[in-house]
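Just so it is clear, none of the values below were taken in a lab; they were calculated from the coordinates. For clarity, every value in this text was computed on a predicted model and none was experimentally measured. All Cβ positions, glycine included, derive from the backbone under ideal geometry; neighbour counts span all protein chains shown.
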Amino acid sequence: MKNKTVAAWLAFLGGPLGLHRFYLRGFGDMLGWLLPLPTALGLYGVERVKQYGIDDAWSWMLIPLLGFTAAGCALTAIVYGLMAPEKWNGRYNPQAAADAPPGRTHWGTVFAVAGALLIGTGILMATLAYSFEHFFQYQIEEARKISQ
């Protein structure tokens, strides 16, 4: 039986590694195996910033991959946590009754949703701010090069 609370916490905390996908769909899930790729590329971008500084063009293109992956997984945790028990059990526990306990919402689920909402929103806003700032700085630099 797949528990909604466990899936929400796995999506929130281990989502960028695909843990929630493996929990719900098994190790044959292709998206579960692909999720660590943008996570690793984003972490590589963070390392490039440490190595080459904030003006490294590759880093400001790679870091948002990490942020958007983490924010997307937080959104997935919210969707899992807010799913109706009947829908959860129908999708992930088809052999169980519609109101079986694994699909019910309790305080652990609420805390997972609240944490995912708080942290996921912060990550998304920081990623957007970082991306837009570097994009517009790049545009200004290119305009200066053309005008000279």
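Structural remarks
- 3J(HN,Hα) from dihedral phi, region 112-121, Karplus parametrisation 6.51/-1.76/1.60, rounded to Hz, x for glycine, proline: 5, 5, 5, x, 5, 5, 5, 6, x, 5
- Tail beyond 18 Å, pair distance distribution of region 1-108 (Cα, percent): 54
- When the charge dipole of the chain is built from unit charges on Cβ atoms (+1 for Lys and Arg, -1 for Asp and Glu) and taken about the Cα centre, the candidate among Phe132, Tyr52, Gly103 whose Cα reaches farthest toward its positive end is Gly103.
- Nearest-ten-degree value, helix 4-14 long axis tilted from longest Cα axis of the chain: 20
- For region 54-145, the normalised intensity computed at q = 0.17, 0.18, 0.22 Å⁻¹ comes to -0.77, -0.81, -0.99 (log10 of I(q)/I(0), Debye sum over alpha carbons, equal scatterers, no solvent).
- Centroid-to-centroid separation of region 84-148 and region 1-67 [C-alpha atoms, Å]: 12
- Dipole in debye (nearest 20) - the chain, about Cα centre, beta carbon charges: Lys, Arg +1; Asp, Glu -1: 460
- Karplus-derived HN-Hα couplings along region 68-75 (A = 6.51, B = -1.76, C = 1.60, θ = phi - 60°), whole Hz, x at Gly and Pro: 5, 5, 5, 5, x, 5, 5, 4
- Between Asp55 and Met30, the simple spin-label model (points 7 angstrom out along Cα→Cβ) gives 4.3 nm.
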